[in-house]
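The values are calculated or read from the model by the stated rules, or taken from the named source; none is laboratory data. From a predicted model like this one, the values you see are computed outputs, not experimental measurements. When we count neighbours, we look across all protein chains shown, and the Cβ atoms used for this are built from the backbone with ideal geometry, even at glycine. All accessible areas refer to the heavy atoms of the entire protein, side chains included, with ligands and DNA or RNA removed. Shrake-Rupley method; radii C 1.70, N 1.55, O 1.52, S 1.80 Å.
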Amino acid sequence: MQKTFLSPHFTLEELTVTKSGLSNIPNTEQINQLRILCRDILEPLRDYVGSSIIVDSGFRSPYVNKAVGGVITSQHILGQAADIHCISLTAFELYKAIDKLVLEGQFNIGQCILYKNSHFVHVSLPSRTHKNDFIVLNK
């Protein structure tokens with residue numbers, strides 16, 4: 001199966017994978033948003049940490065989002081968010097790396113959420129309601 005690259009290191013297939021068994025096919029605008037997410041956040045982050053960024057969850061159709069307990073306003077539905085982890089860093093270290101890049105002006109984000117009891121962080125594109133918000137949740 002041929003891969004559809006959104007950026008040098010990230011594919012449409014990895015940003016749309018779901019274990020829910022539900023349809024998870026983005027439209028053209030959602031794919032464009034995923035491309036921007038990869039270009040503006042995931043690629044620079046990968047370059048900075050010097051290791052692969054693994055996407056646990058990217059785009060989610062409304063049905064997939066509901067099935068996984070996502071909020072109805074989730075940027076995942078728009079193709080503007082990803083839950084990610086890094087092989088070489090803990091979730092906390094990845095969260096701190098994103099914070100450092102934002103402070104240095106390397107990129108802007110919408111939200112970066114560290115889930116204390118999880119192996120991943122959530123990162124999204126800036127939006128009207130979120131710009132460079134860093135949140136730690138006890139989940």
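When only the heavy atoms of the protein chains count and the probe is 1.4 Å, how do Val68, Val102 rank by accessible area, highest first?
Val68, Val102
With n ≥ 4 as the cut-off for DSSP H runs, can you work out [θ] at 222 nm for the chain, using -39500 (n - 2.57) per run divided by the number of residues, rounded to the nearest 500?
-8000 deg cm²/dmol
Among Ile41, Ile87, what's the order by accessible area (1.4 angstrom probe), most exposed first?
Descending accessible area places them as Ile87, Ile41.
Testing the spin-label approximation: label points 7 Å from Cα along Cα→Cβ at Asp133 and Gln106. State their distance in nm.
2.3
Considering only DSSP beta bridges with both partners in the chain, what is the antiparallel share in %, to the nearest 5?
Around 70 percent antiparallel, to the nearest 5.
Could you sort out which of Lys3/Lys139; Lys19/Lys100; Lys66/Lys116; Lys19/Lys131; Lys66/Lys96; Lys19/Lys96 sit more than 26 Å apart by Cα distance in this structure?
Pairs exceeding 26 Å: Lys3/Lys139; Lys19/Lys100; Lys19/Lys131; Lys66/Lys96; Lys19/Lys96.
If Glu13, Glu29 are ordered by their accessible area, calculated over protein heavy atoms with a 1.4 Å probe, which sequence runs from highest to lowest?
Sorted by accessible area, descending: Glu29, Glu13.
Here are labelled values, [x] -0.58, -1.40; [y] -0.53, -1.19; [z] -0.67, -1.24, and one is the computed log10 I(q)/I(0) by the Debye sum over Cα atoms at q = 0.14, 0.21 Å⁻¹ for what I pasted. Which one?
[x]
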